[in-house]
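This report refers to the structure that appears directly beneath it.
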Amino acid sequence: MGRSKEVNLNECKMVVPLNTWVLISNFKLAYNLLRRPDGTFNRHLAEFLDRKVPANANLVDGVFSFDVLIDRGTSLLSRIYRPATAEEPQPNIAELEKPVTAEVVPVIIFFHGGSFAHSSANSAIYDTLCRRLVRLCKAVVVSVNYRRAPENRYPCAYDDGWTALKWVNSRPWLQSQKDSKVHIYLAGDSSGGNIAHHVALRAIESGIDVLGNILLNPMFGGQERTESEKRLDGKYFVTLRDRDWYWRAYLPEGEDRDHPACNPFGPNGRSLEGIKFPKSLVVVAGLDLIQDWQLAYVEGLKKAGQEVKLLYMEQATIGFYLLPSSNHFHTVTDEISKFVSSDSIKTIGERIMQCIGPLLCVDYVCLFKCFLG
Amino acid sequence: MKRDHNHLQPNPDPSSLRGAPSTGKAKVWDEESAQQDCGMDELLAVLGYKVKTSDMAEVAQKLEQLEEVMCNVQDDGISHLASETVHYNPSDLSTWLESMLSELNPPSTFDPFGAAGTAAAALDDSFLVPAESSTLTTLDFDNINRKHQKSGQQIFEEASCSDYDLKAIPGKAIYSQKTQPQTHDSSSSSTPTNVKSEKRFKSTSGPPSPSDIFPPPPPPAAASYGIPTASTRPVVLVDSQENGIRLVHALMACAEAVQQNNLNLAEALVKQIGFLAISQAGAMRKVATYFAEALARRIYRFYPQNPLDHSFSDVLHMHFYETCPYLKFAHFTANQAILEAFEGKKRVHVIDFSMNQGMQWPALMQALALRVGGPPAFRLTGFGPPSHDNSDHLQEVGCKLAQFAKKIHVEFEYRGFVANSLADLDASMLDLRPSEVEAVAVNSVFELHKLLARPGAIDKVFSVVKQMKPELVTIVEQEANHNGPVFLDRFTESLHFYSTLFDSLEGSVSSQDKVMSEVYLGKQICNVVACEGVDRIERHESLTQWRNRLSTAGFSPVHLGSNAFKQASMLLALFAGGDGYGVEENNGCLMLGWHNRPLITTSAWKLTNKTTAISQ
């Protein structure tokens with residue numbers, strides 16, 4: 001036990017910057033304290049240990065935030081992050097929900113990670129990540145404080161995500177000027193990625209347009225033990241044992257990991273063929289033990305004819321996107337930025353072509369005719 | 001007391017809001033800059049962890065060690081670490097890891113709770129006992145509990161917390177305090193009650209032992225590392241109705257007109273607000289009404305009478321206590337810290353700046369009574385403002401507490417002081433005993449901010465507190481900045497603060513209690529908005545600001561731990577409509593908030609340097 005553990009720790013330290021290693025190891029050990037063998041969770045200690053930050057209606061590096069109570073019955077809060085703009089250089093505290101002014105404003109509904117049990121929208125790690133997303137994508141970010149397991153099992157997290165989606169979709173102040181519609185993206189890491197997928201499914205069924213899904217190290221699984229799970233078990237911060245614990249805490253009692261919430265393209269899953277599923281950007285860390293499931297998810301989308309881009313970051317571990325101290329981080333942020341803005345660019349380009357293109361053709365023909373006399 | 005009419009601005013505080021909100025150049029958030037904030041790793045600081053760059057390798061090593069040890073102890077040891085151990089200040093990674101390592105090594109055979117056995121386990125998930133005296137208000141836990149079970153509230157923990165029976169807080173800290181040597185025997189078990197004029201004098205048998213037990217002073221102002229120093233403006237929108245938004249706009253416009261001294265416009269707007277408010281429902285209507293009234297008073301210079309009739313304000317205070325958890329949280333968390341600080345002390349003295357009806361103390365006295373090893377002798381000195389009807393209400397409170405003390409067999413001594421302001425206080429009045437003989441705790445719940453209305457008052461009080469040589473100073477204050485130099489800013493901040501506070505009252509069951517609480521808060525709103533100078537006493541400031549004041553004045557933080565956190569959380573769950581309440585840990589302080597917006601903060605302090613406390 002002793003020696004192989006040493007090897008694991010040393011290898012692990014070599015692939016991430018030291019402060020990242022400290023951060024993720026700290027989470028790992030703290031989380032070990034919180035999961036009880038009988039499936040219950042030490043929620044009080046979890047809340048005590050979680051580093052949280054309040055919303056801040058003052059601008060900090062071009063971003064301000066405020067919390068909104070979306071549903072009183074479930075105490076569902078979301079934290080809204082907005083960028084300062086040329087038209088609105090200073091947020092007015094009486095007008096935090098002032099309409100967005102740009103032609104196209106992406107609205108990213110973000111679901112934080114934590115394997116369905118940990119963290120909150122106001123966790124410092126996620127507050128920081130959301131602020132980065134705002135600056136990166138010139139977007140409004142809505143971070144959903146969904147109910148967590150094991151106190152609230154499937155489908156509570158999806159229900160909350162769905163409530164948030166409906167809420168976002170019905171806000172007049174979030175509508176882009178171009179088409180008076182809310183341009184919605186769903187994003188999430190770990191369990192948040194899983195939630196994004198399932199909320200997108202509900203959106204389609206109800207006719208709400210989702211422009212894209214961004215899944216960072218999404219949490220999927222299955223009954224089978226895959227090669228990557230066996231190979232990487234315990235090597236890079238994560239063990240199969242803890243993965244199993246979280247699924248047991250989230251899934252309905254008695255269900256196994258082939259439940260479609262966990263394994264959407266598994267034996268109990270459904271094909272997405274012929275369905276207008278949003279395009280997806282899926283980021284997989286090469287040192288994440290559940291990568292086989294994530295890759296299977298990507299395959300499942302491809303087989304169903306859905307648009308999906310895979311970003312496989314070979315030497316990345318879980319949580320690499322929490323600190324901007326690695327190359328992986330910058331590659332991923334670039335891709336996310338492109339993914340979200342491609343709609344805007346297409347739009348602007350299209351419009352230019354629509355207006356000027358035909359005119360250009362007509363002019364040349366005229367000139368030619370004139371020239372020819 | 002001479003009244004000062006020159007309407008001076010409060011002492012400028014470098015960390016308070018300066019008019020317009022910051023333009024976001026806060027360097028703390030800037031990842032790219034090479035700036036080192038006292039050598040802290042910036043990236044981790046932003047995420048809430050204080051680790052010096054130079055310590056990173058050492059912290060990594062501790063993590064590895066801890067993992068190793070956790071593997072070896074298996075489930076039992078981990079469960080002990082999770083449920084028995086008290087954790088402090090998780091932001092300070094190095095210290096936190098160290099404390100866990102020392103919990104797990106020495107070997108697990110050493111169990112400081114061993115003798116207590118099941119008693120310790122039972123004490124772990126427990127509460128304070130409510131006052132038994134019928135003259136003091138009691139919490140009706142049975143009813144509240146039943147309501148919650150009906151609504152199907154989840155209980156996170158296991159069987160141990162299914163008993164809402166209240167027992168003493170164990171208060172066993174992870175850092176064991178060195179006990180002081182006993183210089184005299186404890187007195188007879190009779191409980192003489194002493195109020196006001198009578199003094200109980202204990203003569204020590206023999207010379208006091210040298211006071212060399214004091215721990216070395218920790219580095220000062222350690223609390224400010226890694227915490228964003230830019231002003232934070234937390235906002236939660238609980239009501240996004242169209243009318244609600246228009247109402248807020250009208251209020252802001254009116255406040256702006258007042259700020260610009262455009263009183264005609266302000267008058268017109270304040271009337272409009274009245275109409276808009278009627279169309280609203282719930283909390284927003286009430287808040288708007290109170291703010292409109294306050295604005296009207298300011299416009300017409302019809303200032304509210306100060307001070308309040310004391311018996312009426314007492315009644316309001318008590319209803320507020322019952323309706324919502326704020327005061328209970330304040331008392332509970334302060335008492336936990338005091339209990340821990342008094343561990344091992346045979347004689348203790350609490351000096352309470354916020355006596356009111358003395359509701360904080362029965363619970364502490366009960367906890368002391370149930371202490372392993374028996375209760376200390378308990379002395380209480382309470383301060384309060386004079387009453388209009390010349391009744392000695394402090395005396396009455398003292399009597400009730402004395403009766404209670406007798407019932408629970410705690411030796412009790414009491415003295416009440418009437419004073420217009422805490423700044424009138426002098427240490428010589430208090431009959432302080434040497435700190436080796438009697439341990440002192442100073443307690444202030446929602447009182448310190450009032451001192452900011454007069455220049456020099458807060459500093460005088462801090463220096464007097466230092467002369468008391470307290471083991472601990474517990475402070476509870478509103479978590480808001482209502483003391484900025486610009487009226488409009490104060491108005492905006494307080495509008496959001498009280499909106500959130502009123503919203504939290506909506507869920508409470510008794511409408512009588514609710515109305516009284518709203519009146520209680522309404523008086524504060526009136527003071528913040530309509531008054532100026534020495535009359536404006538509701539000068540709330542944020543934790544960051546208080547931290548600066550206290551560290552400058554020579555105090556260092558004492559951290560509140562996971563046990564207080566957990567029990568405070570469980571307390572909150574008992575309140576109807578409790579789902580919105582939450583406790584947060586912030587560098588050793590505990591904050592109570594409504595839907596993630598922090599509203600009150602409890603902090604604890606000790607003297608940075610005990611030996612120089614004598615000098616003024």
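Taken together, the values in this text are just the output of simple stated rules run on the coordinates, not laboratory data. Keep in mind that what you see is a predicted model, and the values were worked out from it rather than measured. Positions of Cβ are generated from backbone atoms using ideal geometry, with glycine treated the same way; all protein chains shown enter the neighbour counts.
Computed from the Cβ-Cβ distance with R0 of 60 Å, the FRET efficiency linking B:Cys38 to A:Ser342 stands at 0.90.
When each of the peptides A:11-22, B:472-483, B:444-455 is scored by the mean number of other C-beta atoms lying within 10 Å of its residues, the order from highest to lowest reads B:472-483, B:444-455, A:11-22.
Distance between the modelled labels on A:Glu95 and A:Asp233, one decimal in nanometres: 6.0 nm (7 Å Cα→Cβ projection).
Sequentially through segment A:54-69, phi angles give Karplus couplings (6.51, -1.76, 1.60; θ = phi - 60°) of x, 5, 9, 6, 8, 5, 10, 6, x, 10, 10, 9, 7, 9, 10, 7 Hz, Gly and Pro residues having no value and appearing as x.
Rounded, prolate or oblate, given the Cα gyration tensor of segment A:55-206, with a/c below 1.5 counting as rounded? Cα axes put segment A:55-206 in the prolate bin.
Amide H contacts for A:Ile108 (H built 1.01 Å from N in the peptide plane; partners 5 or more residues away or on another chain; cut-off under 5 Å): A:Val140, A:Val141, A:Val142, A:Tyr185. In this structure, the amide hydrogen of A:Gln315, modeled 1.01 Å from its nitrogen in the peptide plane, lies closer than 5 angstrom to those of A:Gly286, counting only residues at least 5 positions away or on a different chain. In this structure, the residue pairs whose Cα-Cα separation is over 32 Å, taken from A:Lys13/A:Lys230; B:Lys406/B:Lys450; B:Lys346/B:Lys566, are B:Lys406/B:Lys450. With all distinct Cα pairs included, what does the Kirkwood hydrodynamic radius of segment B:300-384 come out to in Å, to one decimal, could you say? The Cα-based Kirkwood calculation yields 14.8 Å.
Projected onto planes of every orientation and averaged, the convex hull of the alpha-carbon atoms in segment B:240-300 covers 3.5 nm². Each Lys and Arg adds +1 at its Cβ and each Asp and Glu adds -1 at its Cβ; summed about the Cα centre, segment B:240-300 shows a dipole of about 140 debye. The sum of -39500 (n - 2.57) across all DSSP H runs of n ≥ 4, divided by the residue count of chain A, sets its helix-only mean residue ellipticity at 222 nm to -14000 deg cm²/dmol.
Compute the FRET efficiency between A:Thr85 and B:Asn262 as 1/(1 + (r/R0)^6), taking r as their Cβ-Cβ distance and R0 = 22 Å, and round to the nearest 0.05. For R0 = 22 Å, the calculated efficiency reads 0.15.
Ranked for footprinting exposure by Cβ neighbours inside 10 Å, fewest first, B:Trp594, A:Trp167 give A:Trp167, B:Trp594. As a rough footprinting exposure proxy, the listed residues A:Thr163, A:Thr101, B:Thr602 were ranked by other beta carbons within 10 Å of their own, and the order from fewest upward is A:Thr101, A:Thr163, B:Thr602.
Take each residue in A:24-36, count the other chain C-beta atoms within 10 Å of its C-beta, and the mean is 5.
Residues in segment B:288-304 carry Karplus couplings, in order, of 4, 4, 5, 5, 5, 4, 5, 5, 4, 4, 5, 5, 8, 6, 9, 5, x Hz; the curve used is 6.51 cos²θ - 1.76 cosθ + 1.60 with θ = phi - 60°, and Gly or Pro positions show x.
Measuring r between the beta carbons of B:Ile278 and A:Arg270 and using R0 = 51 Å, the FRET efficiency lands at 0.45.
Under conditions of 4 °C and 1.567 mPa s, segment B:334-439 yields 90 µm² s⁻¹ as its translational diffusion coefficient, taking Rh as the Kirkwood radius over Cα pairs in the Stokes-Einstein equation. Modelled this way, with points 7 Å down the Cα-to-C-beta line, the labels at A:Glu103 and B:Gln512 are 6.5 nm from one another. Annotation: the residues B:Lys523, B:Lys286, sorted from fewest to most other C-beta atoms within 10 Å of their own C-beta, follow the order B:Lys523, B:Lys286.
Here each label is just a point 7 Å from Cα along the line to Cβ, and for B:Lys271 and B:His80 those points are 7.5 nm apart.
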